[in-house]
Amino acid sequence: MTKTDRKITDEVVAFVAQTAFSDFPAEAIRIAQRCVLDGLGLMLAGSAQDCTRIVREFSCKSCQGSGATAFGKDSVMLPPALAALVNGTAGHAMDWDDTQLSTSPDRTFGLLTHPTIPPLAAALAVTEMLGGVSGREFITAFLTGFEVECKIAESIRPEHYEKGFHSSGTVGTFGAAVAVAKLIGLDHPQLRHLLGMTASMASGIRANFGTMTKPLHVGRAAQNGVTAALLAQGGYEADPDGLDGPWGFFEVFGRGADAERIIDKLGRPHSIVEPGVSVKPYPCGSLTHPSMDAMRTIVIENDLKPDDIQEVILYAGNNILHPIRYTTAENELQAKFCMPFLLAAIVISRKAGVQEFTHGFVHSQEVRSLMQKIRTEFDPVIEAKGYDKMRSRVEVTLNNGSRIVRDADDRYRGGPENPLSDDELKEKFADCSQSMISDSTRDEVVKTVFELDSLSNMDSLIERLSEKPAVSCRPGDDYF
């Protein structure tokens with residue numbers, strides 16, 4: 001039987017059922033612990049965003065029970081699926097979560113996922129529901145979901161993204177569902193029904209980039225993954241070949257799949273190791289990061305101030321200019337997809353973190369004035385080089401008439417070729433969690449996550465993510 005004759009559903013079911021902690025190389029476990037720390041920080045930071053607040057209020061009004069923590073300054077207990085919804089939304093609320101990498105030029109960066117948050121949010125909720133889950137069991141579930149998510153994103157054809165689907169919402173649902181399936185031990189028939197259900201639950205469209213609904217895509221991916229896995233455990237049925245055939249996920253959502261990218265490829269190698277994962281230095285689309293770093297280098301090397309600048313032009317191809325679509329930012333969500341804002345923030349603050357993506361900063365007169373001096377232009381030469389790299393060029397004209405030009409570095413900061421150091425990752429976690437937990441608790445969380453593979457009980461880590469005990473939600477109670 002050739003690869004093209006084999007069903008992808010069969011491959012995924014066999015991989016999920018057979019995978020054990022011992023199958024993951026040490027490097028996968030090391031990177032997974034970094035991804036977990038990054039994801040936890042982003043859930044804490046994102047818990048203060050308006051989109052998360054609204055989802056949390058909705059969830060509290062919708063529930064009659066508890067079982068898992070929705071993290072934040074005032075944590076609340078919710079049913080696991082709703083906790084996954086809140087934490088998943090929070091984890092993507094600032095668009096600061098990690099990014100899967102491409103293995104070939106036709107797999108554009110947008111097609112691939114933000115892989116950590118869906119399986120992390122779903123696995124945390126069910127881990128807390130179960131109680132007594134070890135760090136090794138948790139990592140095994142997280143990495144299994146992460147791997148299935150990445151390989152599905154890698155194998156679905158680019159039409160999926162080009163026609164408007166948001167892969168972190170669609171494919172992320174499979175990562176969440178598989179992580180939970182591993183925790184609760186679904187058998188082969190249940191796994192088949194799980195994948196069929198998940199295929200029907202996958203959703204998210206790019207029209208909502210720059211709005212509150214983009215992070216909701218990831219929250220719903222986590223929520224739906226939990227729901228599908230628990231339904232499958234209870235005997236709920238779906239098409240047992242939900243990934244395959246003319247009405248299966250790949251054909252309906254992407255006009256097919258390149259089967260050779262997933263058949264015999266799950267765990268060979270693990271995507272978290274090769275090609276790796278990019279941990280974001282800035283809370284916005286990774287497509288913008290090399291350009292922002294190029295701008296930052298220009299500003300620091302030349303000690304530029306906003307008043308020194310006459311004009312900035314960012315040259316790039318359509319892979320950057322199409323999704324980064326706002327010419328001016330009217331709020332902090334649009335700011336994440338607005339190159340004039342992002343470059344202006346770098347010029348003004350020489351960084352872009354939690355404080356820069358706020359209503360006050362976006363609407364400050366200094367930012368509004370500088371954005372008017374910054375524009376983007378399509379460059380056919382850059383376009384012709386393909387989409388395997390995030391290529392761009394920054395040209396700055398100063399008021400004195402001089403011009404500074406810098407190409408973005410192909411070895412962009414945060415990617416596997418130029419990763420954030422552990423210290424930089426800790427600094428990012430501190431920025432994300434500064435108003436949520438104390439310094440001493442933060443140090444304990446960091447230490448625990450970096451030793452996750454030896455943790456006997458995940459409950460101790462989950463408890464540390466809240467400064468005070470989470471309260472149980474009941475309809476009509478006011479927690480906000």
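Side notes on the structure shown:
- Per residue of the chain, the DSSP helices (runs of n ≥ 4 H) give a summed -39500 (n - 2.57) that works out to -14500 deg cm²/dmol at 222 nm.
- Peptides 55-61, 451-457, 185-191 ordered by average Cβ neighbours within 10 Å, highest first: 55-61, 185-191, 451-457
- The phi-based Karplus calculation (6.51 cos²θ - 1.76 cosθ + 1.60; θ = phi - 60°) puts the 3J(HN,Hα) values of the range 33-41 at 5, 5, 5, 5, 4, 4, x, 5, x Hz, whole numbers, x for Gly and Pro.
- Pair ASP23, VAL252: separation of 7 Å Cα→Cβ label points (nm): 2.7
- Using the Cβ-Cβ distance between HIS188 and ASP264 with R0 set to 22 Å, the FRET efficiency works out to roughly 0.70.
- Set of the range 202-244 residues, backbone N closer than 14 Å to the point 7 Å along the Cα-Cβ line of ASP50: 210-214
- Relative contact order (%) - criterion: Cα under 8 Å, at least six apart; region: the chain: 22
- Under 5 Å, built H, 5+ apart or other chain: amide partners of THR376: LEU314
- Euclidean distance of C-alpha centroids, the range 397-458 and the range 182-249, integer Å: 31
- Peptides 117-129, 438-450, 406-418 ranked from most to least packed give 117-129, 406-418, 438-450, packing being the mean of other C-beta atoms within 10 angstrom over each peptide's residues.
- When peptides 244-252, 283-291 are ranked by their average number of other Cβ atoms within 10 Å per residue, the highest-first order is 283-291, 244-252.
- Per-residue HN-Hα couplings for the range 241-246 [Karplus 6.51, -1.76, 1.60; θ = phi - 60°; Hz; x = Gly/Pro]: 10, x, 8, 10, x, x
- Structure-derived semi-axes √(5λ) of the Cα gyration tensor in Å - corresponding label in [x] 62, 34, 16; [y] 39, 25, 22; [z] 36, 27, 19: [z]
- Net length available on complete extension from ASP106 to HIS359 is 87.4 nm, with 0.36 nm assigned per residue and the Cα-Cα distance removed.
- Ignoring aspartates and glutamates fewer than eight residues from LYS151 along the same chain, the ones with Cα atoms less than 12 angstrom from its Cα are GLU11, ASP258, GLU260, ASP264, GLU274.
- Separation in nanometres of the label points that stand 7 Å from Cα toward Cβ, at SER402 and ARG368: 3.2
- Available extension along the chain between ASP307 and GLU424 is 39.1 nm, counting 0.36 nm per residue and deducting the alpha carbon span.
Quick note: the coordinates plus some simple rules give every number you see, no bench work behind them. The structure displayed is predicted, hence computed values, not measured ones. Neighbour counts are summed over all protein chains in view; Cβ atoms, including those assigned to glycine, are modelled from backbone coordinates with ideal geometry.
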